[in-house]
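Single-structure report; data block below.
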Amino acid sequence: MTTPGDDPTDATLLQRHVDGDPDAFSELVARHQDRLWAVAVRTTGDPEDASDALQEALISAFRRAGSFRGDAQVTTWLHRIVVNACLDRIRRRKAKATEPLPDDEDHRTELADHAPADDPAEASERRADVIAALRQLNEDQRAALVLVDMEGYSVDEAAEVLGCAPGTVKSRCARGRARLVPLLTSYRRNQPPSDDVEPPMPAVARRVAPSPGTSSQPGRSPT
Amino acid sequence: MTEPVHPSLEELAELHEGVLDAGRQLEVSAHLASCDECASATAALSEVGTVLTAAGSVPMPIPAERAASLQDALRRVSAERAAGVPSLDEQRDRPQRRRTAAARVRVPRWVSAAGAAAAVVLACYGGISLLHRGGPDQSSSAESSASGGRVAAARGDSSGAAPSPSPRSLASATPGKSAGELQTVTAKTLAAYAAELGSHPASGAAPPSCGPAAADLPHRSRAATIRWKGSPALVVVDLTRHRATVYSCSSAARLFSTGY
């Protein structure tokens, strides 16, 4: 039990909340909201989705606090609920498939806005690039990389947050990093000839005039 | 062409993480040892990790207006909890909520105005008033009472029905038990009471009259109203974990919990 002067631990705050303290949960959230926000933005790749997922997750955590068993860190538990809410949201969006992810440019400004004043513009630009690059991955790879490479979680902790085996986290990280190489580094693999499945269309072919009347849709043949 | 086929970037990354399968691991490591191209690729993979870590180390504080709306939302749910609105999980609870809403229409305004009355209590009054009235909605009231009966033993186990304590038919199964005759349970007797309630759901227990606010009812659970330190309280018995938890009916706070 902490004395009133001490900063209560996360677990104490959560217990106070369960015991009916109306402000304890807000205090707990205020402590961790920046980190949870960062995870949500990086996992969803979109501030609007991140905001919705974070709110949904934390209200759910508020209500489910009584089921927290104390066998995990409170922060791990909160991360798990937030990451899962983000993944649910991404999957729901995919399932609908009518609502494309918002355009990068809309959010670059917001993502870059919150850099500390001494952060060079270049760094915040790079951060927006990282988020844009992460969005090219599937959500499982992205969530694993956000936790392990960006948030500094150990593989075991990330596995606990994601509810999968540590080996699965490692695989997802490995595959995700491989996909990010061309997006985030200057390295370009020498393509073996067999990989050139779809060579870029030669300029001369593109210049072949489409059939009359359909000039706005090059390549479409009249039916 | 005798030029060796390079392992893919993915394989190099998997080798680095130690998740490449054993046979391939030997081949790829042997190749890597003598291939500059693949050494560069491996360096690029590490660079990805470095770039991500650097980006992750830049603080990304939540924008003030988003933090404010988050705290507003939490204040709202906190106020709901303080008012005793049961916090049954809204996602799972949808069918039940619809019934509750239907029932609420028939509840006199003053009952709704009581506001703090738990939704389950409203559902109870609503169910009774549906039965008394009959009328054009007969079929839906029949469905409503049938569903009410199904969950009446307050078991939250099947068919997606919310684990909502529905006191009505439990009450009719135990005539004569009124709120004035709540069984007094103490910290010492709770375990025995829970075991009893767990094995005989309708054995004279008073129907639950308030909902827990701090926790969802577990999936397989039974609930009843008891007298705890002189005041009405809700006991929720988790049949899976063999755990009984007591909630205050007035403040919805969790008062006590024990295994049994």
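Just a few scattered comments:
- Test set (1) at the interface with another protein chain (Cβ under 10 Å from one of its Cβ atoms); (2) crowded, with 16+ Cβ neighbours inside 10 Å; (3) in contact (Cβ under 8 Å) with a residue 24 or more places away in the chain - A:ASP46 fails condition number: (1)
- Within the range B:1-13, being assigned to a helix (DSSP H, G or I) and either over 22 Å from A:GLY167 (Cα atoms) or in contact with a Ser or Thr (Cβ under 7 Å, 6 or more places away or on another chain) (or both) holds for one residue alone: B:LEU12.
- Within the range A:68-93, being in a helix (DSSP H, G or I) and of a type in the set (A, V, I, L, M, F, W, C) holds for A:VAL74, A:TRP77, A:LEU78, A:ILE81, A:VAL82, A:VAL83, A:ALA85, A:CYS86, A:LEU87, A:ILE90.
- Restricting the range B:226-252 to residues that are touching a strand residue (DSSP E or B) at 6+ places or on another chain (Cβ under 7 Å) and over 19 Å from B:THR184 (Cβ atoms), the residue that is surrounded by the fewest Cβ atoms within 10 Å (Cβ to Cβ): B:HIS242
- Residue that is modelled with pLDDT of 95 or more and among the acidic types (Asp, Glu), where the choices are A:ASP149, A:ASP88, A:ASP113, A:ASP119: A:ASP149
- Residues in the range B:45-86 that are in contact (Cβ under 8 Å) with a residue 40 or more places away in the chain and crowded, with 18+ Cβ neighbours inside 10 Å were compared, and the one that is farthest from A:ALA133 (Cα to Cα) is B:GLY84.
- Picking from residues in the range A:29-43 that are within 7 Å of chain B (Cβ to nearest Cβ) and out of contact with any Asp or Glu (no Cβ under 9 Å at 6 or more places or on another chain), the one that is surrounded by the most Cβ atoms within 10 Å (Cβ to Cβ) is A:TRP37.
- Any pair with Cβ under 7 angstrom, 6 or more apart, that starts in the range A:133-147 at a residue that is outside any helix (DSSP H, G or I) and ends at one that is small (Gly, Ala, Ser): A:ARG135/A:GLY45; A:LEU137/A:GLY176
- In the range B:17-48, the residues that are away from chain A (no Cβ under 11 Å) and polar (S, T, N, Q): B:GLN25, B:SER29, B:SER34
- Residue match in the range A:18-28 (condition: at the interface with another protein chain (Cβ under 8 Å from one of its Cβ atoms) and of a type in the set (A, V, I, L, M, F, W, C)): yes
- Qualifying residue in the range B:54-64 (condition: within 11 Å of chain A (Cβ to nearest Cβ), at pLDDT below 95, part of a helix (DSSP H, G or I) and more than 30 Å from A:TYR153 (Cβ to Cβ)): no
- Total residues in the range B:20-43, condition in contact (Cβ under 8 Å) with a residue 24 or more places away in the chain and in a helix (DSSP H, G or I): 6
- Residue in the range A:49-81 that is farthest from the other protein chains (Cβ to nearest Cβ), counting only those that are within 17 Å of A:GLU27 (Cα to Cα) and among the aliphatic types (A, V, I, L, M): A:VAL74
- Of all residues in the range A:148-159, those satisfying the criterion of being within 11 Å of another protein chain (Cβ to nearest Cβ) and either assigned to a helix (DSSP H, G or I) or among the small types (Gly, Ala, Ser) (or both) are A:VAL148, A:ASP149, A:MET150, A:GLY152, A:VAL155.
- Just one of the numbered conditions (1) farther than 19 Å from A:LEU145 by Cα; (2) modelled with pLDDT of 95 or more is not true of A:ASP103: (2).
- Test result for A:PRO212, modelled with pLDDT of 95 or more and either over 27 Å from the mean Cα position of the chain (by Cα) or more than 9 Å from chain B (Cβ to nearest Cβ) (or both): no
- Every residue from the range A:170-185 that is within 9 Å of another protein chain (Cβ to nearest Cβ) and within 12 Å of A:LEU145 (Cα to Cα): A:LYS170, A:SER171, A:CYS173, A:ALA174, A:ARG175, A:GLY176, A:ARG177, A:ALA178, A:ARG179, A:LEU180
- Residue within the range B:177-190 that is in a loop (DSSP other than H, G, I, E, B) and modelled with pLDDT under 65 present: yes
The values are calculated or read from the model by the stated rules, or taken from the named source; none is laboratory data. Computed from a prediction, not measured in an experiment: that's the story for all the values here. So basically every Cβ, Gly included, is an ideal-geometry build from the backbone, and we count neighbours across all protein chains shown.
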